[in-house]
Amino acid sequence: MSRRRQERMAVEMKRILSRILQEEIKDPRLDFSTVSVSRVEVSNDLSHARVYISIMGDEQKQQETMAALQKARGFIRSGVAAEVQIRHAPEIDFRLDRSIEHGIRMSSLLDEIMEEGTKSKE
């Protein structure tokens, strides 16, 4: 399988998954203002897709959201298959992506360092 096809499939799946999560999932445990698809990785044979989900909130909210996504995995997979129009839809594996949280924390730490630097100069 060509690497280019893998990348195109990943981009297309990210677009479709984002739309499905916002428009079709009716689970009250999902708050769409705090959930986003950050990255999709597709295997060489397009049989598996690893979907990285970023969830803003505390640990409990993240666990509830991941449980809701795992429960809706079959519905989401069938929606992807219908839109992509491929013979076999990839198995979807949701993973929690903490990179945005990590970036926000690093930014706040840098801000604190800058504030301490300006206070010490005074």
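FYI, it's all coordinate maths here, none of it is from the lab. None of the values given here were measured: they were computed from a predicted structure. Every residue, glycine among them, receives a Cβ derived from its backbone with ideal geometry; neighbour counts consider all protein chains shown.
Cut-off 10 angstrom, C-alpha nodes, Gaussian network model of the chain. Which of R105, R50, R15 fluctuates the most?
The residue with the greatest mean-square fluctuation here is R105.
For region 3-121, with the dipole built from +1 on Lys and Arg beta-carbon atoms and -1 on Asp and Glu ones, taken about the Cα centre, which of I76, A10, H102 lies farthest toward the positive end?
Projecting each Cα onto the dipole axis, the largest value belongs to A10.
Report the Rg/Rh value for the chain, based on alpha-carbon coordinates and the Kirkwood definition of Rh.
Numbers: Rg = 18.2 Å, Rh = 16.1 Å.
Rg/Rh for the chain comes to 1.13.
Taking the simple approach of a point 7 Å from Cα along Cα-to-Cβ for both R8 and E59, what is their distance in nm?
Taking the simple label geometry, R8 and E59 are separated by 4.4 nm.
With runs of 4+ DSSP H residues as the only contributors, calculate the mean residue ellipticity of the chain at 222 nm using -39,500 (n - 2.57) per run, divided by the residue total and rounded to the nearest 500.
One gets -19000 deg cm²/dmol as the mean residue ellipticity at 222 nm.
Any idea what the relative contact order of the chain is, in percent, if you count C-alpha pairs under 8 Å spaced at least 6 apart?
On the way: 129 pairs, mean separation 31.0, N = 122.
In percent, rounded to a whole number, it is 25.
Which percentage, to the nearest 5, of the DSSP beta bridges contained in the chain is antiparallel? All intermediate terms of the calculation are to be shown ahead of the outcome.
On the way: 7 of 13 bridges.
Counting only bridges with both partners in the chain, antiparallel ones make up about 55 percent.
Mind telling me which of M56, M13, M106 comes out most flexible in a GNM of the chain, alpha-carbon contacts under 10 Å?
M106
In a Gaussian network model over the chain where Cα atoms closer than 10 Å are linked, find which of E101, E41, E112 has the largest mean-square fluctuation.
E112
Can you tell me the dipole magnitude for the chain around its Cα centre, using point charges on the Cβ only (Lys, Arg +1; Asp, Glu -1), in Debye to the nearest 20?
On the way: 21 positive and 21 negative charges, 147 e Å.
Here the chain has a charge dipole of around 700 debye.
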